[in-house]
1. Using the Karplus curve 6.51 cos²θ - 1.76 cosθ + 1.60 with θ = phi - 60°, what ³J(HN,Hα) values do you get for each residue of region 507-513, in whole Hz, with x for Gly and Pro?
2. Through the Karplus equation 6.51 cos²θ - 1.76 cosθ + 1.60, θ set to phi - 60°, convert the phi angles of region 73-84 into ³J(HN,Hα) values in whole Hz; use x for Gly and Pro.
3. List the relative contact order of region 591-635 as a percent without decimals, with contacts defined as Cα pairs under 8 Å and 6+ residues apart.
4. In nm, what is the difference between 0.36 nm times the number of residues separating T623 and N326 and their Cα-Cα distance?
5. Looking at [x] 22; [y] 47; [z] 27, which value of percent of Cα pairs over 46 Å apart comes from a calculation on the structure shown?
6. Gap in Å between the Cα centre of region 74-136 and the Cα centre of region 473-515?
7. Between region 366-386 and region 209-250, what is the separation of their alpha carbon centroids in Å?
8. With r as the distance between the Cβ atoms of T508 and T672 and R0 = 45 Å, compute the FRET efficiency 1/(1 + (r/R0)^6) and round to 0.05.
Amino acid sequence: MIRLLSLLAVVLLLAGCAGTRAVRTPARPAMAATPAPIVRASERPLPEEVKPPRDFLEAVQAGTRTTQGLPGPRYWQQEADYAFTARLLTDAKRLEGTGRIRYKNNSPHTLDSLHLELAQNLHAPGAARSAAGSVTGSAAYEVTGGVDLQRIAVQGQVLKAVGDEDAGARYEVLGTQLVLWPATPIRPGETAEIEVAWAFSIPQAGAGARMGHSDGNLFFLAYWYPIMSVYDDVEGWHTDAFLAQSEFYAGFADYDVTIEAPPGWLVMATGALKNPDEVLKPEVAERMRQAHRSDTPTTVVGPDSFGTSTQAGAGGWLRWRFSADNVRDFAFTATRESIWEAARTPVGDRDGDGTPDFAHINTFYREAAPLWAEVTRYQQHSIAFLSTYTGFPYPWPHMTAVEGADIITGGMEFPMMTLMGDYNARGDTALYNVTAHELAHMWIPLTVGIDERRYSWIDEGTTTFHENEARLDFFPGPNHHLPDQETYLNLARAEGEGELMRWSGFHTTGAAFGVASYQKPATVLVALREVIGEEAFRAGLRSFVADWAYKHPYPWDFFNAFERAAGQDLDWFWHSWYFETWTLDQALAEVNVRGDEVEIVVADVGKVPMPVLLAVTHANGETTRLRVPVETWLGGARRATVTVQSRLPVTRIEIDPAHRLPDIDRSNNVWTR
């Protein structure tokens with residue numbers, strides 16, 4: 001999710017972002033000279049070995065994880081399938097749901113209890129919420145009463161709420177967690193069948209402004225049902241409370257969902273629409289099919305058919321049926337006055353038959369959001385580009401963007417769905433950027449199922465990096481990574497950041513959370529690419545996505561995937577950038593010209609050790625590229641000397657002229673004759 005107000009606050013508060021134009025050059029220039037390190041003992045702090053926690057090492061020993069960044073031969077994860085009916089009462093702004101969850105225990109452990117999340121309980125009276133909070137306004141914390149649990153049964157036996165008699169089959173609501181104690185534990189290989197009926201009032205901008213309703217003509221429903229908490233091979237149950245700021249961790253499941261809505265309301269959701277001819281008028285269903293075969297954005301529903309594009313229904317309701325396999329969440333929209341545009345976009349060879357496959361693109365926006373007339377095109381580019389860049393073709397039948405001004409200002413991702421603001425005040429470039437960002441989330445965390453609540457940097461940081469790569473392709477010229485680098489450096493200069501590996505919900509300020517989740521990890525990935533080279537970097541990123549698709553990686557799996565691709569021990573990199581708030585500060589300490597020989601003394605002033613990228617410009621305009629290897633600093637040195645032979649006068653020496661590395665003070669990076 002892009003939380004634009006918090007990110008803008010960082011920029012405005014700490015002096016702003018300055019985009020710099022840069023020419024992209026090869027990631028690993030050849031070394032033209034060998035530095036001679038000046039080594040003195042104990043001159044600097046040195047990075048330590050990165051040691052995974054005991055639980056992770058035990059998973060490696062058990063064979064469910066490896067030290068190579070791959071799932072182990074005995075990797076397992078739980079299975080679930082949901083069959084729900086949701087009735088949307090548009091006038092009352094209320095949702096009523098019933099259905100069942102089948103939960104298969106693939107673990108080697110007997111489960112005495114089952115844990116689910118009720119995210120809407122963020123809106124219950126007295127609910128615990130993040131101190132840093134949502135920055136989108138007080139409506140995000142509207143008190144609606146939370147979830148009204150009307151019936152819970154496991155294996156056909158109704159559970160009673162915990163009270164005076166705590167023994168036997170029972171349940172308890174603990175904030176946003178629902179704990180079930182079935183009469184009989186769920187043994188390995190067994191399946192629990194959970195029946196549930198519930199209801200809640202829909203907040204206007206709920207769950208931290210990630211869902212809600214707008215202007216009486218739009219609903220976007222997310223976190224609307226009890227969802228199984230993750231039980232994994234490393235830590236077991238994950239029961240961290242949802243406090244609105246740090247996001248979500250959910251298992252992969254199959255969904256069969258029926259949405260009951262009044263006639264005249266168009267519904268789109270995660271998954272494939274199974275009964276289009278039962279809910280759409282014939283001409284609308286045909287226009288949809290034609291649009292989904294077209295490379296050109298096509299209007300399916302326009303203002304002339306608002307409220308009249310559906311069938312009449314029966315008894316005041318239309319039943320929209322959707323199914324989705326192996327997704328980690330389910331969201332839907334209902335709209336009465338949105339333009340519906342559609343097209344298709346290529347995603348690569350998904351099924352290996354040698355021919356390109358396509359995904360359907362849908363865009364729903366209201367007339368008050370005119371910039372959205374380009375969002376179908378933005379979606380087409382983003383999905384096609386990211387399918388190629390990640391090496392993992394977009395896996396689902398459609399991608400749908402919904403304009404939700406008044407609910408959200410930035411954007412939020414769900415499988416096959418995104419909700420985004422109108423962007424009227426921020427312009428079309430910003431609207432492309434948020435589109436690329438939210439659609440990049442289809443890969444992480446929605447395909448690679450990381451824990452956003454603890455490690456948002458894997459999710460948002462990698463997604464921000466992918467967004468910037470998409471922007472480089474769509475808007476060639478400027479280096480779109482640089483504004484994120486400068487936002488991170490502004491907070492670092494103000495000494496306001498927190499470690500990336502700090503659990504995301506425990507950052508002390510919204511600025512620290514935002515930079516540690518978005519800008520710094522995206523910036524560090526650019527630096528990692530410079531360290532290991534484009535080929536190894538791309539291989540590491542692609543293998544992380546492919547190997548952990550529809551699984552649950554931890555940070556150490558992420559680290560190990562890149563080390564395997566690079567063939568290097570990168571503990572020094574991970575420790576410096578992810579476990580500390582150290583900063584990089586490289587400087588030109590001395591330049592001595594002696595005839596045809598130029599002696600360059602480089603100082604490593606900061607704490608983060610990184611290779612030094614030197615550009616030496618000669619009088620004829622030619623540039624010699626030099627590289628001081630990181631091993632110089634890992635040996636304990638603070639200074640290194642590089643000697644260049646040049647028959648022509650040297651006119652300029654600069655450290656990292658393309659700004660690939662986040663140097664906190666560039667005032668000492670340039671020497672000119």
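Every number in this text was worked out from the coordinates using simple rules, so none of it is lab data. Fair warning: this is a prediction, and the values are worked out from it, not measured in the lab. Virtual Cβ from ideal backbone geometry, glycine too; neighbours counted across all protein chains shown.
1. Listing the rounded values in order: 6, 7, 9, x, 5, 5, 4 Hz.
2. In residue order, the calculated couplings are x, 10, 4, 9, 8, 6, 10, 8, 9, 10, 10, 10 Hz.
3. Working: 42 pairs, mean separation 13.2, N = 45.
Relative contact order of region 591-635: 29 percent.
4. Additional length available on full extension: 101.7 nm.
5. Checked against the structure: label [x].
6. Distance between centres, Cα-based: 31 Å.
7. 26
8. Details: r = 42 Å, r/R0 = 0.93.
Efficiency computed from Cβ-Cβ geometry: 0.60.
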